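Reviewing the structure listed below.
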Amino acid sequence: MPRVSSKENKNIYFKKREELGLTREKASELLETIAPERIEKIENERLDPHPDEVLIMSETYGSPELCNYYCANQCPIGQKYVPEIKVQDFSQIVIKMIASLNQVQKNKERLIDIAEDGKVDNDEIEDFIVIQEQLEKISITVETLQLWAEQMLANGSIDIEKYNEVLKKRNK
């Protein structure tokens, strides 16, 4: 068993590697294209990883949340447009989705009123912002569900062969 670092405030890449019980050398072998020295610099935040490195770590470590973390926190474009998604239980995700959909349903008529003339008037801005925020919650919840599904596929909790078979049928 590799020695576990006593360093506090480990970043997400460091934590994921350690959760898997991998040394940097073993992780480098599995990752194939990232040297142990580079892994050390990424984990100690002396270098930001490249997007392709995060993708390789995400796939190799079975941790799709690494991609979201990178996009939301380290990519300049993602920092502006990608919310960080926190992994949650399936039941929490479903409850949040239903609550968000219920809120939007309540404001559906108001959104139609606002959209009727093709513009947002000054007296409509406040309601429009509220509806925008509700829709953003739905969007984040959908992304959370997608991340949850990717995690379950990666760790084998959802049968990936059956999942892909059903997707293939639906996309015909």
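The values are calculated or read from the model by the stated rules, or taken from the named source; none is laboratory data. Everything numeric in this text was worked out from a predicted model, so none of it was measured. No Cβ is skipped: glycine too gets one built from the backbone with ideal geometry, and neighbour counts run over all protein chains shown. Heads up: the accessible areas ignore ligands, DNA and RNA and are worked out on the full protein's heavy atoms, side chains in. Shrake-Rupley method; radii C 1.70, N 1.55, O 1.52, S 1.80 Å.
At a glance:
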quantity: Members of region 90-115 that are among the β-branched types (Val, Ile, Thr), at pLDDT 95 or above and either surrounded by fewer than 16 Cβ atoms within 10 Å (Cβ to Cβ) or in contact with a Gly (Cβ under 8 Å, 6 or more places away or on another chain) (or both); calculated: VAL94, ILE95, ILE98, ILE112
quantity: Count - residues of region 50-73 that are under 16 Å from LYS10 (Cβ atoms) and in a loop (DSSP other than H, G, I, E, B); calculated: 1
quantity: Where a residue in region 151-167 is within 18 Å of TYR61 (Cα to Cα) and its partner, wherever it lies, is open to solvent by less than 60 Å² (accessible area, probe 1.4 Å) and part of a helix (DSSP H, G or I), with Cβ under 6 Å and at least six apart; calculated: ILE158/MET152; ILE160/LEU153
quantity: Test for LYS172: is it basic (Lys, Arg) and assigned to a helix (DSSP H, G or I); calculated: no
quantity: Single match in GLU133, GLU150 (criterion: over 30 Å from LYS108 (Cα atoms) and either touching a Gly at 6+ places or on another chain (Cβ under 8 Å) or open to solvent by 60 Å² or more (accessible area, probe 1.4 Å) (or both)); calculated: GLU150
quantity: Number of the exception - LEU47 against (1) open to solvent by 40 Å² or more (accessible area, probe 1.4 Å); (2) in a loop (DSSP other than H, G, I, E, B); (3) under 30 Å from ILE138 (Cβ atoms); calculated: (3)
quantity: Count - residues of region 55-83 that are farther than 18 Å from LEU30 by Cα, crowded, with 17+ Cβ neighbours inside 10 Å and in contact (Cβ under 8 Å) with a residue 40 or more places away in the chain; calculated: 3
quantity: Hey, ALA99 of a type outside the set (Ser, Thr, Tyr), in a helix (DSSP H, G or I) and within 19 Å of GLN151 (Cβ to Cβ) or not; calculated: no
quantity: Which numbered condition THR141 fails, given (1) in a helix (DSSP H, G or I); (2) open to solvent by 50 Å² or more (accessible area, probe 1.4 Å); calculated: (2)
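Every residue, every condition in (1) under 30 Å from LYS15 (Cβ atoms); (2) among the basic types (Lys, Arg), yes or no:
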position: VAL87; (1), (2): yes, no
position: LYS106; (1), (2): no, yes
position: ILE125; (1), (2): no, no
position: LEU147; (1), (2): yes, no
position: ILE160; (1), (2): yes, no
position: GLU165; (1), (2): no, no
